[in-house]
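Enquirer: Before I ask anything, let me first share the structure, which is written out below as structure tokens.
The values are calculated or read from the model by the stated rules, or taken from the named source; none is laboratory data. All values derive from a computational prediction rather than experimental measurement. When we count neighbours, we look across all protein chains shown, and the Cβ atoms used for this are built from the backbone with ideal geometry, even at glycine.
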Amino acid sequence: MHHCSLKEPHILSAWMCYGCLTMAPGVTTNPYLTLLTLAESNKVLPYHTLMVELDVTNVRQLEDFLINACMYAGIVRGKLDQLKRCFEVPFAAGRYLRPGQLGDMLHAFSNW
């Protein structure tokens, strides 16, 4: 079982790219990148959406993942709202650009 330290930026980049944190056997997608992808377009993520996209079976498992694996590592900052059953995300770590996103980023920078 291999675990990486996320204390240094180059380790975080490698981890996000290659998913070196241990995932459950049989998991074919990286749940951390899935969360970042959802958070880049939505600042309020319903628990139901997260549970479906992350293939999580209960709220406790979801909240443990968000707190222990994501917020403590600094990948996202947010607030769990148990009454509204959502995760409010004011910050999510950047990730590599996907094809077609460069133009949007350049436009945003030029408007800034």
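Enquirer: Check Phe65, Phe91 and return the single one that is of a type in the set (Phe, Trp, Tyr), under 18 Å from Asn30 (Cα atoms) and not in a loop (DSSP other than H, G, I, E, B).
Expert: Just a single option satisfies the conditions, and that option is Phe65.
Enquirer: Has segment 69-77 got at least one residue that is modelled with pLDDT of 95 or more and surrounded by fewer than 12 Cβ atoms within 10 Å (Cβ to Cβ)?
Expert: no
Enquirer: To continue, here is another question. Let me confirm something: among Leu83, Leu45, Leu66, which residue is at pLDDT 95 or above and exposed (fewer than 10 other Cβ atoms within 10 Å of the Cβ)? Quick ask: steps written out before the conclusion?
Expert: Details: Leu45 fails: exposed (fewer than 10 other Cβ atoms within 10 Å of the Cβ); Leu66 fails: exposed (fewer than 10 other Cβ atoms within 10 Å of the Cβ).
Going through Leu83, Leu45, Leu66 in turn, the sole match is Leu83.
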